[in-house]
Amino acid sequence: MTTFAKVSLLTILSFTPLFANKQEVKIDGDHNIVTQIVNKGLSQKTVDKFIKPYKDRINSLERKLNRSVSIEEKYLISEQLNKVRKALDKKSREIKELNTFIENSNLKVVRIAARIYEEKGLTATLAYFKSTAFNAFKTNTDKNMKELAGGYRFEAKVLALDNKYDEAKKAYKKALNYDRNVETLFDYAYFLQTQNYFDEAIQTYNGSLLEQRALAKSNPKVYNANVAVTLNNLGLLYSDNNQMQKAEEAYVEALMIRRALAKSNPKVYNADVATTLNNLGLLYNTNNQMQKGEEAYVEALMLRRALAKSNPKVYNAYVAGTLNNLANLYQTNNEIQKGEEAYVEALTLRRALAKSNPKVYNADVAGTLNNLANLYKANNQMEKAEEAYREALTLYRALAKNNPKVYNDKVATTLNNLAILYKANNQMQKAEEAYSEALILYRALAKSNPKVYNAYVAGTLNNLANLYQAKNQMQKAEEAYGEALTLRRALAKSNPKVYNAYVAETLNNLANLYRANNQMQKAEEAYGEALTLRRALAKSNPKVYKDKVGITLNNLAVFYTANNQMQKAEEAYSEALTLRKALAKSNPKVYGIDLAHSLVMGVYLLNQPSENLDEAEKVLKGFRGIPKAEWLLGKIGELRQR
């Protein structure tokens, strides 16, 4: 089953610019750029020239959205609205960065170019960079090299502001030709990062890092903070590119530096320490390193609680985010009580924040309600789960009225989770209705953005197929699995590292269907392909995918037993058991129940020694109250009587 289980709402540090002047330029909640012209920054008139068209377009689209009737029209307008809002956010950041650069620069070229830009605009500014006056700096002195580099950096920034990103990239390269200083390298790396040139960004950040390390040797008080910022950004890039070892190394070094800085100035740097710890926690959680993840989250939480005492308006949101992440980890670890306590506290904080600012925080409230409902469902507290899902759904539907492009996927996710609950409660009609509505929403989203939402269409089809199979509607189930598999194979062609896991999941489910339909050759082929994919995934990431190998091996053992191929059944079972014992040894909280399941299955299907029941019972005693554990304990009792 594909669950869209956790709406993480993670507090991950966004990519951070270096050498930022945080006091002289502000962006208010309505994207108004508030400037204080200290020396030579952009005037409000120049800022408004860039911002006003976006704001006017947003106001126009919002009026059209309120007047629109059909869902198709709402989607189209909402898509346009979100593009304009994102463009405004990006433009606001670019203005802020340009303003900071101008105000912090002591270069003659930048002062001249800024004045021309203010008085005459982009065309005249670009002409200046081709003029005799500018070219006069092209004499080989250190001072002139810095002037030229600064000039081309200015040119790059104003070109970016005018959406001429390819030309901006060329200007940055010119700047580096004249002076490969740390600021220019970082500036270019950050630009590449924001333009999604990830490989080039990593390479350039590493170049910047070498320069910063050299500077930090002679002046650690000034430059160590910048080294940490660069490492943090590299960690995020590595993590996004699935280079987990490199990401961990970057985060760990950033953390070490920030701890040292926080010793002498905790008021300034404890927030940065907490952010890096939170990022590390997310990384460890993704890699199934649960103990390390918990330790990182707990320390981040302690720091953020302390910060929130003196500034609750700013830091309570971060406390809630870390609590939410920690609760996700506890749920994965089957520590249900701890998970519930953390979710409830996060929910309390987010409800309080939403009272004063519902537009911003109602989405966070809904996300935590969704996660809490998942926990209640896992703990068989079905009534509480349904209540939480329904409240989350109400909030998301309200948000989707004004912004369907952003929030309809959240509506669909909550419907998907509700459907899983209804199926578990044997409310098959309600489950089918919820899945069907989720599928309609995802198909509509996938029309305009197939790269993102085809994955969700496939996941919902997979779940709907599971439901059809449970209802013995085998033809419908096979059709839904078939469409899900087609979509997932297409996604895996362009991104096998991410989507081969989902191809394997659907193959595994389809094989179960074929087995139930007595289509044994098809079943064996599907199991075999699923196993091949999962073995390959487990080679590169054993912590995440070894348990999936165990699931398919377990299914194959059942399949071979049904076909009376007992040697093959025992081989598959034995390998699955070995895997699960190793997993349970390293992480008993997560994999203990799976190990117990294999032990019980072996006695039931393959006449394994009855002592295995004693071992399983011993494991399950640590999971009393969890529905699957209680079910297995019941099976142990039945087998002993047999």
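Do we find that residue 388 is out of contact with any strand residue (DSSP E or B) (no Cβ under 8 Å at 6 or more places or on another chain), under 23 Å from residue 625 (Cα atoms) and in contact (Cβ under 8 Å) with a residue 12 or more places away in the chain in this structure?
yes
Could you list, in sequence order, the residues of the stretch 577-594 that are under 25 Å from residue 339 (Cα atoms) and either more than 30 Å from the chain's Cα centre (by Cα) or not in a helix (DSSP H, G or I) (or both)?
Step one: filter the stretch 577-594 for residues under 25 Å from residue 339 (Cα atoms), giving 580, 583-594.
If the condition is that a residue be under 25 Å from residue 339 (Cα atoms) and either more than 30 Å from the chain's Cα centre (by Cα) or not in a helix (DSSP H, G or I) (or both), then 587 is the only one that fits.
What number of residues within the stretch 78-133 are over 22 Å from residue 174 (Cβ atoms), of a type in the set (Val, Ile, Thr) and without any contact (Cβ under 8 Å) to a residue 40 or more places away in the chain?
1
Across the stretch 582-600, which residue is surrounded by the most Cβ atoms within 10 Å (Cβ to Cβ) among those that are among the charged types (D, E, K, R) and under 20 Å from residue 630 (Cα atoms)?
594
Conditions tested, residue by residue: (1) aliphatic (A, V, I, L, M); (2) farther than 28 Å from residue 507 by Cβ; (3) modelled with pLDDT of 95 or more.
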residue	(1), (2), (3)
393	yes, yes, yes
420	yes, no, no
429	no, yes, yes
432	no, no, yes
436	no, no, yes
444	yes, no, no
464	yes, no, yes
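How many residues does the stretch 346-361 hold that are touching a residue at least 24 places away in the same chain (Cβ under 8 Å) and not small (Gly, Ala, Ser)?
Count: 5.
Cβ-Cβ under 6 Å, sequence separation 6+ or interchain: first residue in the stretch 161-181 and on the phi > 0 side of the Ramachandran plot, partner surrounded by fewer than 16 Cβ atoms within 10 Å (Cβ to Cβ) and in a helix (DSSP H, G or I). Which pairs?
From the stretch 161-181, no pairs qualify.
Please list, ordered by residue number, the helices (runs of 4 or more DSSP H) wholly in the stretch 125-180 having 2 or more residues that are within 40 Å of the chain's Cα centre (by Cα).
142-161, 165-178
Can you list residue pairs whose Cβ atoms sit under 8 Å apart, with the first residue in the stretch 527-541 being aromatic (Phe, Trp, Tyr) and the second being buried (at least 18 other Cβ atoms within 10 Å of the Cβ)? Count only pairs 6 or more apart in sequence or on different chains.
Between residues of the stretch 527-541 that are aromatic (Phe, Trp, Tyr) and residues that are buried (at least 18 other Cβ atoms within 10 Å of the Cβ), the close pairs are 527/507; 527/508; 527/511; 527/552; 527/555; 527/556; 527/559.
Within the set of pairs 6+ apart or on separate chains, which have a first residue in the stretch 248-267 that is within 17 Å of residue 238 (Cβ to Cβ) and at pLDDT 95 or above, a second that is of a type in the set (Ser, Thr, Tyr) and surrounded by fewer than 23 Cβ atoms within 10 Å (Cβ to Cβ), and C-beta atoms under 7 Å apart?
Sorted first by the residue in the stretch 248-267, then by its partner, the pairs are 250/238.
The values are calculated or read from the model by the stated rules, or taken from the named source; none is laboratory data. As the structure is a prediction and not an experimental result, all values here were calculated from the model. Positions of Cβ are backbone-derived with ideal geometry, glycine not excepted, and every protein chain shown enters the neighbour counts.
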